[in-house]
Amino acid sequence: MLLFYNDYNVSSVYDNFGKANAIADMAAGMKTRGIKIDGIGMQMHISTDSAPTRDHTSQIIKKFGDLGL
């Protein structure tokens, strides 16, 4: 069985990676303590006036990928 943490607004352009950093810290802490986690789900509801850029979203995905997720 795989374990994924899913959350909303992970790629929000308004919080300067704050939520993504907090989730990455949580996942890293879980891995350090031997808690199995396989990935992060990024639920998004975007609109044309507040959509994250491809680069912004790519940076977040890379951050989670660097953790082995």
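Quick look at the numbers
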item: Residues that are of a type outside the set (A, V, I, L, M, F, W, C), surrounded by 11 or more Cβ atoms within 10 Å (Cβ to Cβ) and closer than 25 Å to M1 by Cβ, drawn from the stretch 42-69; result: K63, G65, G68
item: Positions within the stretch 34-56 being acidic (D, E) and at pLDDT below 95, in sequence order; result: D49, D55
item: Tally, over the stretch 11-45, of residues that are farther than 24 Å from D55 by Cβ, of a type outside the set (D, E, K, R) and either assigned to a loop (DSSP other than H, G, I, E, B) or in contact with a His (Cβ under 9 Å, 6 or more places away or on another chain) (or both); result: 3
item: Single residue of the stretch 1-33 satisfying the filter (of a type in the set (V, I, T) and at pLDDT 95 or above) that is surrounded by the fewest Cβ atoms within 10 Å (Cβ to Cβ); result: T32
item: Test: residue in the stretch 51-60 that is touching a helix residue (DSSP H, G or I) at 6+ places or on another chain (Cβ under 7 Å) and outside any strand (DSSP E or B); result: yes
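The values are calculated or read from the model by the stated rules, or taken from the named source; none is laboratory data. Predicted model only: the values in this text are computed from it and were never measured. A quick note on method: Cβ atoms are made from the backbone with ideal geometry, for glycine too, and the neighbour counts reach across all protein chains shown.
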